[in-house]
Amino acid sequence: MKGVKVAEYYGFKAEEYSVIGKGLPRRDGPAKVTGQAVYTFDVTLPGMLHGKILRSPYPHARIVSIDTSDAEKLPGVKAVITGKDTWGIRFGFVDTPRYPADQSVLAEEKVRYVGESVAAVAAIDEDTADEALDLIAVEYDPLSAVFDPEEAMKEGAPEVHGEQIPAAGRTCAWEDWGVARKARSYKPVNNIGATVMISYGDIEKGFAESDYTREDRFVIPSTSHAAMEPHCAVASYDPFTGHLDFWCSRMDMEQKRYWLSKTLGMPISKIRIHKSYVGGAFGGKAAPFDFEILAAFLSRKTGRPTKIVLARDEVFTSSNNSVRFDVTVRKGVKKDGTIMAQHVKLISDMGAYRGSAPVALYLAHSMRDAIYDIPNLLHEGVGVYTNKSITQSKRGHGSPQLSFALEMQMDWIAKDLGIDPVELRLKNLRKKGEVLPNGDRLDSYGLPDCIKKAAESAGWRKKKGKSRPDRGIGIAVGGMFNGSGYWPFTGSAIVKMNHDGTVTLYNGQIEFGQGVDTSMCQVVAEELGLQAEDVNLVSADTELCPTDFTNWLSAGTFVSTKACLRAARDVKEQLLKIAAEIMEANVEDLEAENRRVYIKTDPEKSVAYDEILRYNIQKHGGDPIMGKGFAKPVPEVEFYPSLSKGTGRWTDAYSFTAVVAEVEVDRETGRVRVLKLTIADDCGFEINPLICQGQLEGQGVMGMGDALFEEIIFEEGRQLNPTFVDYDLPRAFDVPEMVTIDASDYEPKGPFGAKEIGECARGAVIAAIVNAVNDAVGGKIGSLPLHPEKIFKALREKETA
Amino acid sequence: MEVAKKILKVTVNGEHYELSIKAKTTLLELLRNHLGLTGAKMACISNSCGACTVILDGMAVKACSILALQANGKEVITVEGLAKDGDLHPLQKAFIDHGAFQCGFCTPGKLMSAKAMLDENPHLTEEEVRRDMEGNLCRCTGYKKYIAAIMDVAQKL
């Protein structure tokens, strides 16, 4: 088990832990295997209406008129709203002084992509709502559209957006969150809606000092998060109290509540986000969505609860897909493989609105910056508006896209220089304790171990270059941050002592599959000498839980669980202090275990937690023992980093993964079968090894989908495959053998040394599989996914050459 | 618009129901909207994800893609009918022990597919299980742990 190395290093034994470091069953298990778990999809309220959205059939068109009169007359229709009802309201994943939020709730003067929301209805049932949509008459005047980002940047290309001018008095999200800079207007020039330029060292000098330089181009399409639960929301506005109760299939509760407050013009304290189970997220449920705001608008207008469930094709077209990147990389190396210079140029085809592209352009760099020591670096990116659907964070957020490009190129460099790909990577790694150019420090750095262990376990030396002609092997690595000080928010927790000596934990994290409900409770139980089942959990509810803004950015373990640990520690300190008073002992002589506080040297003398609680209530003014904890990444830095320049501290710790993939290619058809994935991960300490394995295996198969199958295909801005029939996802039979290896390096700032494990591996899996395929076919396929026809073509080209 | 209704007699998880429904009602709508059995989910409505799988007269079916009236006079078992007398079904136990679910949204469908498969033939190889479970999409787990859970149950039968 994992903790062993850590334990030896720090002079304690992993077996001393009684609750963490163990693959305990998940606490959401019984609810989920019996069908009793309530997802937003299952929420039904008395008198509930069903909302539906009319969507644009055009990629770019002026709205001439909308006639809703027939729809309004249909019996059972309770409300019909159009852009006139939400005119001027703006929201978006990005809303900064530099980039004002650019999305409207319903289209106003024009539509900018196929699937954009144009009107919404609420009716007594779904059939009536559907019928009402058919009765809304919209007259469009189609405009020239642009679908290719390079075309969009040319002079004279259709303009997707005019100047984005914040409404009078409108503050941007960053101002609301305490950044002392005013929102400005933004005028896209040549459809450019975001730019990033990060540099350090001297790039020209770096190339001049290189013995060998190569430049390659890579293309990464949008893929769907394809979370099984479609996006959905239930809004219930009480006209008599002015309160809004809200459920949605989501990630972070604070972000959802903030945007509802801002778009509805309601005090934030009058909005309550409730807990419901979430049927998968993968980054795709973090952003605010128009349909969520519409559910609330319709509920406020009708005074009745309103539910909106997106159909799967709407999830594809209108609730954001992963970020599209076109990557050009020029790299200079010494003969011995030492990297001297790297120049990355990214073009992100953002779609009709910014989505998360400005962030992804930066993150693509920052998450990889902890991997290799590159003395001279230039990272340039532009986000370009086109008339396509919006793009958004997906598991790794920009990093998998760039990992694919950089890790492939590393293999080609290795081949050109005659260096083993494993050796080339090991040679260029950063070092533990190193400070990155932005100031982040690598207190833990398990990457060398990840590479060595993955290679050794997979039998790299025996297999590389020696396998059958139809087989290939490839390696790739990835890095991931652990939450960020970027959002000026906290992860926090309260632990309450119960009458029987158990506790209840209150924390805002939501369980969307990652296992946070279970692992948080394990940490609290461990600290307090309890069993995991002795911890009750109240979570993911803005009214019942303390503020928590960390349900994304891979911050659940490193930040929010640390807050839980600190709250538990607060309770423990109180227990020891009161027990010392009861037993007339010194606090330092006491130990807490099995719901009792003992005197270490004389364990016969002890007092039970419930007795301590009763004593404290009687003797200390009714104090029922509660602990609080909070945590924030990079707490010592008050200000946010610059995304566009890449300066400033970003995170307190990085996680790492190395993946070795082995594939078999059918040389007649170009079809690939992944035989085995060996995934070695540094997550600091595995609080629950079973959950950690699940995260790695999930990323293994998701990454295989990215590498081999998945692509949202557009034609003239229209998605051609927005269904699970036409969009190919990995299924049970595609699953390769998977070996997961714990190669963790204890992270001193993590709770019990732990770091994230949910996002890091995906990018490395994609690149490792592609490297393995290229190894098998001797090709250089640089665009995802590796459809059989691409491989077939590469094989034929090689034969003819 | 007036829609003709039909009488449906069906047994669900051992309970007999007789109700009047629109002919176009799907089996999934019947279960979720009329009977309050929300264990079966809907992720695609194109008969391609398996989240709505239930057992109809011993056969795993996708409840989103058949009409409720096709279940007339038949017996339906849903995930709510798996546990008996407070004891979880061996598949449910195995799913918990193996960590075979994450978000859990597709889990009820998988359990029902697995039950129908093992009821028909308990002596399946892993390859057969993987083939038989092709119809149940999962985005979280990478499939490995739930295939192991099913094999675990199969080997004990």
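The values are calculated or read from the model by the stated rules, or taken from the named source; none is laboratory data. Quick caveat: nothing in here was measured; it's all calculated off a predicted structure. A quick note on method: Cβ atoms are made from the backbone with ideal geometry, for glycine too, and the neighbour counts reach across all protein chains shown.
Among the residues of the range B:114-134, not a single one is in contact with a Cys (Cβ under 9 Å, 6 or more places away or on another chain), without any contact (Cβ under 8 Å) to a residue 12 or more places away in the chain and facing chain A (nearest Cβ under 10 Å).
I'd like to know if the range A:341-350 contains one or more residues that are surrounded by fewer than 21 Cβ atoms within 10 Å (Cβ to Cβ), in contact with a Ser or Thr (Cβ under 7 Å, 6 or more places away or on another chain) and not hydroxyl-bearing (S, T, Y). Within the range A:341-350 (the criterion being surrounded by fewer than 21 Cβ atoms within 10 Å (Cβ to Cβ), in contact with a Ser or Thr (Cβ under 7 Å, 6 or more places away or on another chain) and not hydroxyl-bearing (S, T, Y)), the answer is yes, since at least one residue qualifies.
In the range A:13-61, the residue that is farthest from A:A296 (Cα to Cα) out of those that are aromatic (F, W, Y) and more than 8 Å from chain B (Cβ to nearest Cβ) is A:Y17. Scanning the range A:260-278 for residues that are touching a helix residue (DSSP H, G or I) at 6+ places or on another chain (Cβ under 7 Å) and within 30 Å of A:P400 (Cα to Cα) returns a single hit, A:S276. Let me spell it out: the conditions are (1) over 19 Å from A:G51 (Cβ atoms); (2) surrounded by fewer than 20 Cβ atoms within 10 Å (Cβ to Cβ); (3) at pLDDT 95 or above, and A:E126 meets all of them except one. Which number is the exception? The number of the failed condition is (1). Scanning the range A:607-630 for residues that are free of Cβ contacts under 8 Å to residues at least 12 places away in the same chain and either touching a His at 6+ places or on another chain (Cβ under 7 Å) or not in a helix (DSSP H, G or I) (or both) turns up A:G621, A:G622, A:D623. Screening the candidates A:G169, A:G178 for the property of being on the phi > 0 side of the Ramachandran plot, without any contact (Cβ under 8 Å) to a residue 24 or more places away in the chain and in a loop (DSSP other than H, G, I, E, B) yields one hit, A:G169.
For the range B:86-106, the condition of being surrounded by fewer than 21 Cβ atoms within 10 Å (Cβ to Cβ), more than 30 Å from B:S20 (Cα to Cα) and modelled with pLDDT under 95 holds for at least one residue. A residue that is in contact with a strand residue (DSSP E or B) (Cβ under 6 Å, 6 or more places away or on another chain), among the charged types (D, E, K, R) and farther than 30 Å from B:S65 by Cα occurs nowhere in the range A:760-771.
Each residue in the range B:82-100 was checked for being under 15 Å from B:K115 (Cβ atoms) and either polar (S, T, N, Q) or at the interface with another protein chain (Cβ under 9 Å from one of its Cβ atoms) (or both), and 9 of them qualify.
Just so you know, in the range B:3-31 the residues that are in contact (Cβ under 8 Å) with a residue 60 or more places away in the chain and in contact with a Ser or Thr (Cβ under 9 Å, 6 or more places away or on another chain) include one that is farthest from B:V76 (Cα to Cα), and it is B:K6. Of all the listed residues (A:E797, A:E711), the sole one being within 22 Å of A:L677 (Cα to Cα), out of contact with any helix residue (DSSP H, G or I) (no Cβ under 9 Å at 6 or more places or on another chain) and not aromatic (F, W, Y) is A:E711.
Restricted to strands (runs of 3 or more DSSP E) entirely inside the range A:289-364, those with at least 2 residues that are among the small types (G, A, S) and in contact with a strand residue (DSSP E or B) (Cβ under 9 Å, 6 or more places away or on another chain) are A:339-351.
One residue stands out among those in the range A:612-656 that are of a type in the set (S, T, N, Q) and at pLDDT 95 or above: the one that is surrounded by the most Cβ atoms within 10 Å (Cβ to Cβ), which is A:S655. Which ones in the range B:31-47 are buried (at least 24 other Cβ atoms within 10 Å of the Cβ) and either touching a strand residue (DSSP E or B) at 6+ places or on another chain (Cβ under 6 Å) or at the interface with another protein chain (Cβ under 7 Å from one of its Cβ atoms) (or both)? Those that are buried (at least 24 other Cβ atoms within 10 Å of the Cβ) and either touching a strand residue (DSSP E or B) at 6+ places or on another chain (Cβ under 6 Å) or at the interface with another protein chain (Cβ under 7 Å from one of its Cβ atoms) (or both): B:G39, B:A40, B:K41, B:A43, B:C44. Taking the numbered list (1) without any contact (Cβ under 8 Å) to a residue 60 or more places away in the chain; (2) within 10 Å of chain A (Cβ to nearest Cβ); (3) β-branched (V, I, T) in turn, B:T78 passes all entries but (1).
When you check A:E527 against the structure, is it in a loop (DSSP other than H, G, I, E, B), surrounded by 24 or more Cβ atoms within 10 Å (Cβ to Cβ) and not polar (S, T, N, Q), yes or no? Criteria not met by A:E527. In the range A:104-113, the residue that is surrounded by the most Cβ atoms within 10 Å (Cβ to Cβ) out of those that are out of contact with any His (no Cβ under 9 Å at 6 or more places or on another chain) and farther than 18 Å from A:K301 by Cα is A:A107. On inspection, A:L729 does not qualify as part of a strand (DSSP E or B) and surrounded by fewer than 21 Cβ atoms within 10 Å (Cβ to Cβ).
Could we say that A:G92 is within 15 Å of A:P288 (Cβ to Cβ) and in contact with a strand residue (DSSP E or B) (Cβ under 8 Å, 6 or more places away or on another chain) here? Judged against the criteria, A:G92 is a match.
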